[in-house]
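S.K.: Below are the C-alpha cells for one structure; questions will follow.
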Amino acid sequence: MSNVPPVALTIAGSDCSGGAGIQADLKVFTALGVYGMSAVTCVVAETPKKVVSLQPIPVKVFRDQLACCLENMPIGAIKTGMLYSDSIIREVKEKLAGGGYELVVDPVIVATSGKKLLQPNAIRALKELLPIAKLVMPNVDEAVILSGQPVDSLATLESAAKKIFDYFGCPVLAKGGHLRMKSATDVFYDGRAMLKLESEYIKGVVTHGTGCTYSACITAHLARGKGLQGSIERAKRNITEAIRNAFRFPAWTALNQLPG
Ligand code: PXL
C-alpha cells in the first residue's frame, strides 16, 4: 500500500525561539498535512524581541543538506526564507534552476526586530534568484528594495508589484500589512491580473514569524496541488486566523511590539 504524503522543503534560518524560520515552517507543514524537510542556512539565537547572535552554516554543510533533501524525494514545493549570504543564494539557484520546482521566495532582508538577516552584498544574488521562482512575496520594505520605488499606499504597493514582475518575471504577492491601514491588504500580480487580498488588520499581537508562516502556508498548499492562486487565497485565510489566535506568552506580550 502506498503511504506517500505531499512533501515540502524549507530553506531558511533556525529561530531557536520557535516562532519564525525553519521551526515555524515545519510546524505549518505538519499542521497542513505536509511532510516537511529543511536545509538550514544560519543558526539564529533570538527571541521575538532581539537577535542575540547569528552563525551562518558553512556552505559545504548547507550544500550537503540540500543535496540530501533533493535526492529522490517527491518534493511538491520549496520555500526560501532567510538565506543570509550570496554564497548560499548562489548555491540554491544552481541546485534548483531547471529542476521544475514550485519555488516560493520570501525575500527576507530584515527581521521585525530590525536586525539584518541578509548581508547587504547578497541583494544582487537574491534578485538573480527571482527569475526561477513561482512566487516572490515581499513586505513593504522589501518591495521598496526590489522595485526601487517608495511604497506608502495601496496604489504604490500595486505599482511596486508590477515593477517587480517586470524586472524579474516572477509572480508577486506584495504584503501590505506594514502599511497600517484599516485592513491588511496584500496585492498579487502575475502579469495578467492584479488581485487584492483583504483581511482585517489585527492590532496588539506579536507578529514575529508572520511572514515565514504565511509563505510556509502557501508552500504547503502548493505541495498539496492547490495551484498558485488557490494556495495564496487559502494561505491568506490561514495567516489571518494565525494572527487572530496568536499565542500570548507573557515573555512575548511584554514586548508591546505593536501598539494599539
Ligand atoms: O521573519 C523573518 C525571519 C526569518 N528567518 C529567521 C528569523 C526571522 C525573524 O526573526 O529569525 C530565522
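S.K.: Enter the Cα centre distance for the pair the range 161-212 and the range 1-60, rounded to the nearest angstrom.
M.R.: 22
S.K.: For the chain, just say rounded, prolate or oblate: build the C-alpha gyration tensor, square-root its eigenvalues into a ≥ b ≥ c, call rounded for a/c under 1.5, and beyond that prolate if a/b exceeds b/c, oblate if not.
M.R.: rounded
S.K.: How charged is the neighbourhood of residue 51? Take every other residue with its Cβ under 11 Å from the Cβ of residue 51, and add Lys/Arg as +1 and Asp/Glu as -1.
M.R.: Value of the local net charge: +2.
S.K.: Dipole of the chain, Cα-centred, from +1 at each Lys and Arg C-beta and -1 at each Asp and Glu C-beta, to the nearest 20 debye?
M.R.: 340
S.K.: Counting pairs of alpha carbon atoms under 8 Å apart in space and at least six apart in sequence, what relative contact order in percent does the chain give? It would help to have the intermediate numbers written out before the result.
M.R.: Working: 531 pairs, mean separation 46.1, N = 260.
RCO, the chain: 18 percent.
S.K.: Could you run the Karplus curve 6.51 cos²θ - 1.76 cosθ + 1.60 with θ = phi - 60° over the range 120-131 and give me ³J(HN,Hα) per residue in whole Hz, x for Gly and Pro?
M.R.: Once rounded to whole Hz, the list reads x, 7, 9, 4, 4, 5, 4, 4, 6, 7, 4, x.
S.K.: Please state the shape class of the range 107-237: rounded when a/c is under 1.5, otherwise prolate if a/b exceeds b/c and oblate if not, all from the C-alpha gyration tensor. Please list the in-between numbers first.
M.R.: On the way: a/c = 1.21, a/b = 1.04, b/c = 1.16.
Rounded, since a/c falls under 1.5.
S.K.: Could you give the length gained by full extension between residue 30 and residue 200, i.e. 0.36 nm per residue of separation minus their alpha carbon distance, to one decimal place? Numbers along the way, then the final one.
M.R.: Values: separation 170, 0.36 × 170 = 61.20 nm, distance 2.60 nm.
My answer for the length gained is 58.6 nm.
S.K.: Please find the FRET efficiency linking residue 193 to residue 121, where r is the Cβ-Cβ separation and R0 is fixed at 51 Å, and quote it to the nearest 0.05. Present the calculation step by step, with values, prior to reporting the outcome.
M.R.: Numbers: r = 35 Å, r/R0 = 0.69.
With a Förster radius of 51 Å, E is 0.90.
S.K.: Could you name the lysines in cross-link range of residue 236, using Cα to Cα under 24 Å and dropping any fewer than eight places away on the same chain?
M.R.: List returned: 27, 79, 134, 162, 163, 175, 182, 196, 203, 226.
S.K.: Under a plain spin-label model, where a point goes 7 Å from the Cα along Cα-to-Cβ, how far apart in nm are residue 72 and residue 180?
M.R.: Placing both labels 7 Å beyond Cα along the Cβ direction yields 5.4 nm.
S.K.: Let me ask something else. Given the Cα-Cα distance of residue 248 and residue 3 and 0.36 nm per residue of separation, how much length would full extension add, in nm?
M.R.: 84.5 nm
S.K.: Also, quick follow-up: Grab the other residues whose beta carbon is less than 15 angstrom from that of residue 220, score K and R as +1, D and E as -1, and report the net.
M.R.: Surrounding charge for residue 220 is +3.
S.K.: Now for a different question. For the range 6-151, what does the alpha-carbon gyration tensor say about shape, rounded, prolate or oblate, given a ≥ b ≥ c as the root eigenvalues, a/c under 1.5 as rounded, and a/b over b/c as prolate?
M.R.: Rounded shape, in that the Cα axes give a/c under 1.5.
S.K.: Then there is this: Can you give the charge dipole size of the range 188-256 about its Cα centre, rounded to the nearest 20 debye, using +1 on the beta carbon of Lys and Arg and -1 on the beta carbon of Asp and Glu?
M.R.: Dipole of the range 188-256, to the nearest 20 debye: 100 debye.
Every number in this text was worked out from the coordinates using simple rules, so none of it is lab data. Remember, it's a predicted structure, so these values are computed and weren't measured experimentally. For neighbour counting, all protein chains shown are included, and Cβ atoms are generated from backbone atoms with ideal geometry for every residue, glycine included.
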